[in-house]
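Accompanying notes for the structure given below.
The values are calculated or read from the model by the stated rules, or taken from the named source; none is laboratory data. Here the structure is a predicted model, which means the values were calculated and not measured. For neighbour counting, all protein chains shown are included, and Cβ atoms are generated from backbone atoms with ideal geometry for every residue, glycine included.
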């Protein structure tokens, strides 16, 4: 039996590469004759560069960029031919802000990553958006590329209050003919009821009562730069870094599609008898561009069953099938929460072995 193993990261415990390896190890213990094909996955968030490197090879370049509060922060970019892949979460991810000082955190480091890719000779830069700890509308990213304004652009959303003029002509000059791609599965616009602050601000530490004012700062910034672009789907991705990239002429591609294409996911699913996917918490929000839903859709297109292994399963059978998943199994239900966090790889392998009893021929 051929089994394709295509999980996302298990946030806070395992990378996608580690999760795929753990699932394959556990499955092989129970069904050693089965052929396991590991295809760790990602959307545009944390793990984007690692997963693409595993799939495409290429050269990983180490750089140091500004963190969300200006501190030196290590990051990497992947260069494959004349295409570079960067992951904004490495520069200003939620793990770097820890939900602290959300009104001061900046995306400057993400712009420095783009700049490093251009300096490395990239003609196309694919920017993975996701897992951001910032809500500055990508102002910091633009500042790193040379944008100027009548306010400080790289000191977080609070610094944007009162903005009346933002000039990005120097950014365009610096980028030259470089093609930008915003890799994101988020469709929200920059401001308003479904904007960056309202939709994602709370998970980045913004108190509910502060959201209207932060949204107002982003409104002023958008009026000063390009109001029309701020209304486009995807402008609100990664705290508004989508807006900054779209303002520079970037095209949009779903992050999952970028990775699925690089890993030849459909072709590998067609060659399998069963597809396995997973993530830390499998819930109905998984439909919003997350990896398990994307993997399940690919499996359905080639008429292969898809099963999910997750840290926790928070949906019922009906919702599960609406997501295209035949069955879902939870690590926590098998080994308990304490063991799941103490030995995540071992616990996931144990779950995989248990699932193989049911699904392996």
**Request:** Hand me the list of helices (runs of 4 or more DSSP H) wholly inside the stretch 99-208 holding 3 or more residues that are closer than 13 Å to residue 245 by Cα and under 22 Å from the mean Cα position of the chain (by Cα).
**Result:** 108-119, 139-144
**Message:** Quick check on this structure: which one of 124, 87 is under 25 Å from residue 225 (Cβ atoms), buried (at least 23 other Cβ atoms within 10 Å of the Cβ) and either touching a strand residue (DSSP E or B) at 6+ places or on another chain (Cβ under 6 Å) or in the same structural domain as residue 276 (by TED's automatic domain parsing) (or both)?
**Reply:** 87
**the stretch 39-64, residues that are assigned to a helix (DSSP H, G or I) and touching a residue at least 60 places away in the same chain (Cβ under 8 Å)** = 48, 49, 51, 52, 55, 56
**Message:** Can you find, within the stretch 39-60, the residue that is farthest from residue 268 (Cα to Cα) among those that are surrounded by fewer than 17 Cβ atoms within 10 Å (Cβ to Cβ) and out of contact with any helix residue (DSSP H, G or I) (no Cβ under 7 Å at 6 or more places or on another chain)?
**Reply:** 59
**Asked** Do the conditions hold for residue 36, that is, is it under 15 Å from residue 264 (Cα atoms) and touching a residue at least 24 places away in the same chain (Cβ under 8 Å)?
**Response** no
**Request:** Would you mind stating whether residue 234 is in contact (Cβ under 8 Å) with a residue 24 or more places away in the chain, outside the structural domain of residue 304 (by TED's automatic domain parsing), part of a loop (DSSP other than H, G, I, E, B) and under 17 Å from residue 190 (Cβ atoms)?
**Result:** yes
**Item:** Residues that are surrounded by fewer than 24 Cβ atoms within 10 Å (Cβ to Cβ), touching a strand residue (DSSP E or B) at 6+ places or on another chain (Cβ under 6 Å) and part of a helix (DSSP H, G or I), drawn from the stretch 1-27
**Value:** 24
**Prompt:** Which residues, counting only those in the stretch 209-229, are closer than 17 Å to residue 147 by Cα and assigned to a helix (DSSP H, G or I)?
**Reply:** 218, 220, 221, 222, 223, 224, 225, 227, 229
**Prompt:** Can we say residue 245 is outside the structural domain of residue 9 (by TED's automatic domain parsing) and either assigned to a strand (DSSP E or B) or buried (at least 21 other Cβ atoms within 10 Å of the Cβ) (or both)?
**Reply:** yes
**Prompt:** Here is a list of conditions, (1) without any contact (Cβ under 8 Å) to a residue 60 or more places away in the chain; (2) surrounded by fewer than 20 Cβ atoms within 10 Å (Cβ to Cβ), and residue 224 meets all of them except one; can you say which number that is?
**Reply:** (1)
